[in-house]
Amino acid sequence: MSVIRYLGLGLYSAETLGWILFVIACSSLIAGWVCDAVLDELGFGLFGNAFLCFIGMTIGLIAWNLNVSLMTTNAVMVIGIAAAAAFGCVFACAGVRRAMS
């Protein structure tokens, strides 16, 4: 529980945190589908890309929340940060996969 407070997410109720995770999971499926279409055989499949998008979105939002509170940030900017972090994570992993092969 102290990790949640350290990251600045202690201000949210459990229901709000659940909705945040639900929205991130649904949007990571959509972003994973887009990444699968763009990367073709360099990708990790729909669910692999969706998992990497979920990890990227979560890390990106936590990193942003450490600097600026998400509650004071414009909603469009939060969506942009999450999307950029998701695509960045998948494309970085695809780049590593290509470099290894």
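The values are calculated or read from the model by the stated rules, or taken from the named source; none is laboratory data. Being a predicted model, the structure only gives us computed values, none of them experimental. Positions of Cβ are backbone-derived with ideal geometry, glycine not excepted, and every protein chain shown enters the neighbour counts. Protein only, heavy atoms only, side chains kept; ligands, DNA and RNA dropped before computing areas. Shrake-Rupley method; radii C 1.70, N 1.55, O 1.52, S 1.80 Å.
A compact table of results
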| item | result |
| --- | --- |
| On Cα atoms only, tilt of 14-39 relative to the major axis of the chain in degrees | 20 |
| Relative contact order (percent, whole number), the chain, Cα cutoff 8 Å, 6+ residue spacing | 29 |
| Sparse-neighbour loop sites [chymotrypsin sites (Phe, Trp or Tyr not before Pro); region 1-98; at most 16 other C-beta within 10 Å; DSSP] | 12 |
| Correct option for Rg and Dmax of the Cα atoms in Å [calculated from the coordinates] among (i) 15.4, 49; (ii) 14.5, 45; (iii) 12.8, 38 | (ii) |
| Of all accessible heavy-atom area on the chain, the percent that carbon and sulfur account for (1.4 Å) | 73 |
| Under-5 Å amide H pairs with residue 44, H placed in peptide plane, nonlocal only | 49 |
| C-alpha long axis of helix 75-100 to longest principal axis of the chain, angle in ° | 30 |
| Net charge contributed by nearby residues that have their C-beta within less than 11 Å of residue 91 (K/R +1, D/E -1) | +2 |
| Karplus 3J(HN,Hα) series, Hz, for region 41-47 with 6.51 cos²θ - 1.76 cosθ + 1.60 (x for Gly, Pro) | 7, 7, x, 10, x, 4, 6 |
| The chain - accessible surface per residue (Å², probe 1.4 Å) | 65 |
